[in-house]
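See below for the structure under consideration.
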Amino acid sequence: MKKFTDEIEAIKKLCRTKKKFFFMFDFDGTISPVVAHPMKAKIIPEWRPFLRRLSAHPSVRTAIVTGREYRDIKKRLGKMPGMYISSNHGYEVWKDGERIFITGTQFRKTFLNLGHDALSTVGGVRGVVIEVKKYSVALHYRMVAAPRQKDVTKRFLQVVKSYSREFSLEVMRGKKLIEVRPKGFWDKGRAVRWMSEKIFPEGLIFYFGDDTTDEDAFAAIGKKGVSVYIGGVKKSRARYRVFRIDQVLPLIEWIQREF
C-alpha cells in the first residue's frame, strides 16, 4: 500500500480524466470511531453535514457499505437525501427509504436459528453482544473479561459448526468480532460492483474501509478505482492507506470545488 497523502497529485490526475465520482464508505471504524458496544456507535459529527453536501454534488454519488441492518444504519446516519445504503454486507441496497436490490433471502431462517442458539449458549456471559441479522450472525466480545474471551469464542464457533452441515459458512474475524455468513455467496465486493455497474458506471470509485469485510471491496475495485485502508499499517488489498479518515478530506473537498 502507498500512503494516500503521498499520492495526491497522481490521484488528482486520475480524477481529471474521469470527472465523475462514486464515493463509498464503510461505517464502523471508518466514519464512526470503534466503540466497546456496537449499539453506541455514532457518526463523526462533522461528517454528517459533509456527506449531505457531497451527496448533493451533481458529479458525485455516495454510498455507505456496511454490515449493519438498514434500520440500524439509517438511524445512525440521519437524513441523507440521495445517498445509497448497502446494508448487511451488500445483501440489500437502499435509496431514500426504498429497497432497490436484495439477495440471499433463502438464508434468513438459518441465521435466525443460529442466532437463537448462539444467544442460548454464550448470550448470558457478561460483556457478550450478539447481533442476529438477516444474512449473518455477529459475536462482539470486546467487553468480555480477557480470561473468558477464548472460551466464549470457542463455544460460539461450536454452535456455528453445528450449522455448517446445512450449507457452507464463512467465519470472518474483525476487531474483537467474529461474524458468520454464507460462504462465497455475496459480499461487499460484489455489492460494490453491482452499484458501480447499475447505478453510476461512469463514476470513478473511491472506497474507504478499515476491517476484514472491506477487503472484498478492495479486491473488487483493484486498479479500476481508489481504495483506501483506514488505520494502522497492516496487510491489505487496498491501494492506499491513511491513519485517520479526515486525511482524505482535502482531496474530496478539492473534487467538490473542481468538478
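FYI, it's all coordinate maths here, none of it is from the lab. Since the model is a prediction, treat every value here as computed from it, not as a measurement. No Cβ is skipped: glycine too gets one built from the backbone with ideal geometry, and neighbour counts run over all protein chains shown.
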GNM on the chain, Cα springs under 10 Å; top mean-square fluctuation among E46, E131, E92 goes to E46
What relative contact order, as a whole-number percentage, does the stretch 106-182 give when Cα pairs under 8 Å and 6 or more residues apart are counted?
-> 30
Provide W194, W254 in ascending order of the number of other Cβ atoms located within 10 Å of each residue's Cβ, fewest first.
-> W254, W194
Can you give the calculated 222 nm mean residue ellipticity of the chain, where each DSSP H run of n ≥ 4 adds -39,500 (n - 2.57) and the sum is split over every residue, rounded to the nearest 500 deg cm²/dmol?
-> -10500 deg cm²/dmol
Student exercise, the stretch 106-182 dipole from Lys, Arg, Asp, Glu Cβ charges, in Debye to nearest 20 | 180
Projected onto the charge dipole of the chain (+1 at Lys/Arg Cβ, -1 at Asp/Glu Cβ, origin at the Cα centre), which of Y240, F107, G203 gives the Cα projection farthest towards the positive end?
-> Y240
Over the stretch 15-109: Kirkwood hydrodynamic radius from C-alpha pairwise inverse distances, Å | 14.1
What share of the DSSP beta bridges in the chain is antiparallel, in percent to the nearest 5?
-> 50
Got a sec to turn the phi values of the stretch 39-55 into Karplus ³J(HN,Hα) couplings, 6.51 cos²θ - 1.76 cosθ + 1.60 with θ = phi - 60°, whole Hz, x for Gly and Pro?
-> 7, 9, 5, 9, 5, 4, x, 6, 6, 5, x, 4, 5, 4, 5, 5, 5
Which of T121, T213, T66, T17 has the fewest Cβ neighbours within 10 Å, and the rest in rising order = T17, T121, T213, T66
Extension gain from E9 to E46, taking 0.36 nm per residue of separation minus the Cα-Cα distance | 10.8 nm
Can you list the lysines whose alpha carbon is less than 17 Å from that of K2, not counting same-chain residues fewer than 8 positions off?
-> K12, K13, K223, K224, K234, K235
Could you please rank E69, E197, placing first whichever residue has the fewest other Cβ atoms within 10 Å of its Cβ?
-> E197, E69
Which ³J(HN,Hα) values, rounded to whole Hz and listed in residue order, are derived for the stretch 72-86 from phi using the Karplus coefficients 6.51, -1.76 and 1.60 in 6.51 cos²θ - 1.76 cosθ + 1.60 with θ = phi - 60°, glycine and proline given as x?
-> 5, 5, 4, 5, 6, 7, x, 5, 9, x, x, 7, 8, 10, 9
Between V34 and residues 5 or more places away or on another chain, which pairs have amide H atoms under 5 Å apart, with H built 1.01 Å from N, and which residues are they?
-> G29
Can you tell which of I44, I64, I85 shows the greatest fluctuation in a Gaussian network model of the chain with Cα springs below 10 Å?
-> I44
Output the relative contact order of the chain, whole-number percent, from Cα pairs under 8 angstrom with separation of 6+ residues.
-> 22
Using alpha-carbon coordinates, inclination of helix 8-18 to the longest axis of the chain, degrees | 80
If you find the alpha carbon centre of the stretch 157-183 and of the stretch 216-259, how far apart are they in angstrom?
-> 29
Sorting A138, H116, Y163 by the position of each Cα along the dipole of the stretch 106-182 (Lys, Arg +1; Asp, Glu -1; all at Cβ), the one nearest the positive end of that ordering is A138
For R99, put the label point 7 Å out on the Cα→Cβ axis and report which residues of the stretch 60-87 keep their amide N under 14 Å from it.
-> 69-72, 85-87
Relative to the Cα centre, what is the charge dipole magnitude of the chain, using +1 at the beta carbon of each Lys and Arg, -1 at the beta carbon of each Asp and Glu, and rounding to the nearest 20 debye?
-> 120
Unit charges at the beta carbon, dipole of the chain: most positive-side option, T66, I178, W94 = I178
Taking springs between alpha-carbon atoms closer than 10 angstrom, which of Y207, Y240, Y84 fluctuates most in the Gaussian network model of the chain?
-> Y240
Remind me, relative contact order of the stretch 1-118 in percent, using alpha carbon pairs under 8 angstrom and six or more residues apart?
-> 18
